[in-house]
Amino acid sequence: MRPIFIVGSERSGTTLLRLMLHSHPKIALPPQTKYMKKIYKRRLMFGNLENEKNRKKLALWFNNNFNASTKMIDLNIELKDVVNGVLSSKSLGAALAIPFHSYAKKHRKKRWGDKRPYYIHHMDKLRKLYPDAQIIHIIRDCRDVVASLNEMPWWHKTLEHSILNWKSAIMHGLSACQNTKVDEYIELRYEHLITNPEYELSRLCQFLDEEYDPKMLDFQKASKLSIPNYKLAWHKATRESINSKSVGRWKRDLTTYQVSLIQWAAGKELFRLGYDLSRTEPLSIKNQMNFKLKKTKFEIDDLCRNFADKIISLLYSGRLDYRME
């Protein structure tokens with residue numbers, strides 16, 4: 001059964017979509033975890049998982065990090081099942097999938113998946129791990145994304161970084177759309193999902209080769225069971241009936257300067273995606289230069305991360321692609 005990944009810019013509706021899909025009788029999508037990135041970056045520490053000694057090292061890592069730092073405890077699965085699964089995995093992709101397999105088994109579902117917005121910036125790595133994955137990119141108006149991020153206690157980035165992060169997500173999505181097969185990648189608009197959920201979910205199920213189930217609209221039940229209490233403050237809308245009050249929130253929540261900067265910096269992408277631009281005051285040369293400097297730093301940091309990953313990939317001798325044995 002092909003794995004499913006939900007990606008996109010933070011605060012684009014990825015959690016809402018996760019709950020809708022998790023409400024499907026055949027699909028299990030757990031709360032967001034943080035272990036995949038940690039292990040992938042450290043893959044040289046564990047080496048080729050064809051070697052039993054290396055599998056034991058990775059199993060020990062799972063044993064020692066089955067806690068709040070990786071969010072695996074939010075899945076309410078058995079540690080022993082994860083450890084035993086890792087010990088029988090022969091590739092990194094298979095080992096990383098074990099907690100998701102356990103979660104799906106617990107919920108008596110056939111298909112497993114994962115939701116993490118961050119993956120949109122690393123689609124090439126995700127494809128190496130899971131070549132047959134089906135990826136869902138949910139897109140939301142950058143202005144609403146920024147307005148929502150401004151309220152998040154865990155988001156400590158600048159306005160400029162929030163814009164650049166959204167632009168990067170759109171760019172990587174565009175690349176995926178052009179370079180993957182039609183059954184591997186699909187785009188979904190948050191605004192369309194909110195205003196016409198049954199149609200959008202039916203279209204999504206067709207992409208996943210699954211039958212649409214009306215239970216997907218009853219996602220509030222899944223929210224009560226699979227949204228940890230400490231996350232409820234920023235996911236409280238998932239306990240409510242679906243509504244469009246979050247669409248266009250930027251008009252009341254953003255300052256004139258914030259809207260001006262977003263539309264100056266991301267106007268081309270917004271226009272290309274079909275979002276209407278409002279009339280704004282011209283951005284000063286000083287503010288334009290400040291954004292360009294931060295954009296340069298953002299791009300350099302990204303290049304450095306990708307370069308480091310390429311070096312690690314050259315040194316890594318193990319198998320990445322998903323394979324269970």
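The values are calculated or read from the model by the stated rules, or taken from the named source; none is laboratory data. As the structure is a prediction and not an experimental result, all values here were calculated from the model. FYI the Cβ positions are ideal-geometry reconstructions off the backbone, even for glycines, and counts take in every protein chain you see.
Taking the condition of being outside any helix (DSSP H, G or I) and under 18 Å from MET216 (Cβ atoms), how many residues in the range 227-243 meet it? The total comes to 6.
When you check ILE312 against the structure, is it in contact with a Leu (Cβ under 9 Å, 6 or more places away or on another chain) and either in a helix (DSSP H, G or I) or surrounded by 15 or more Cβ atoms within 10 Å (Cβ to Cβ) (or both), yes or no? Outline the logic, then answer.
Values: in contact with a Leu (Cβ under 9 Å, 6 or more places away or on another chain): yes; either in a helix (DSSP H, G or I) or surrounded by 15 or more Cβ atoms within 10 Å (Cβ to Cβ) (or both): yes.
For ILE312, the condition - in contact with a Leu (Cβ under 9 Å, 6 or more places away or on another chain) and either in a helix (DSSP H, G or I) or surrounded by 15 or more Cβ atoms within 10 Å (Cβ to Cβ) (or both) - is met.
I need the full set of residues from the range 279-291 which are surrounded by fewer than 11 Cβ atoms within 10 Å (Cβ to Cβ) and either of a type in the set (Phe, Trp, Tyr) or modelled with pLDDT of 95 or more (or both), in order please. Walk me through how you get there before you give the answer.
Here is the first cut: in the range 279-291, the ones surrounded by fewer than 11 Cβ atoms within 10 Å (Cβ to Cβ) are 279, 281-282, 285-286, 289.
Scanning the range 279-291 gives ILE285, LYS286, MET289.
Of all residues in the range 88-116, those being in a helix (DSSP H, G or I), of a type outside the set (A, V, I, L, M, F, W, C) and buried (at least 21 other Cβ atoms within 10 Å of the Cβ) number 4.
Condition check: surrounded by 22 or more Cβ atoms within 10 Å (Cβ to Cβ) and either closer than 23 Å to ARG127 by Cα or at pLDDT 95 or above (or both). Does ILE39 satisfy that? Against the criterion (surrounded by 22 or more Cβ atoms within 10 Å (Cβ to Cβ) and either closer than 23 Å to ARG127 by Cα or at pLDDT 95 or above (or both)), ILE39 does not qualify. No other residue among ASN229, ASN243 is exposed (fewer than 14 other Cβ atoms within 10 Å of the Cβ) and farther than 22 Å from GLN32 by Cβ apart from ASN243. Please work out if GLY85 is touching a His at 6+ places or on another chain (Cβ under 9 Å), modelled with pLDDT of 95 or more, part of a strand (DSSP E or B) and among the small types (Gly, Ala, Ser). Criteria not met by GLY85. Taking the range 48-67 as the range and being surrounded by 13 or more Cβ atoms within 10 Å (Cβ to Cβ) and out of contact with any Leu (no Cβ under 9 Å at 6 or more places or on another chain) as the test, the residues that pass are ASN48, GLU50, ASN51, ASN54, LYS57, LEU60, TRP61, ASN65.
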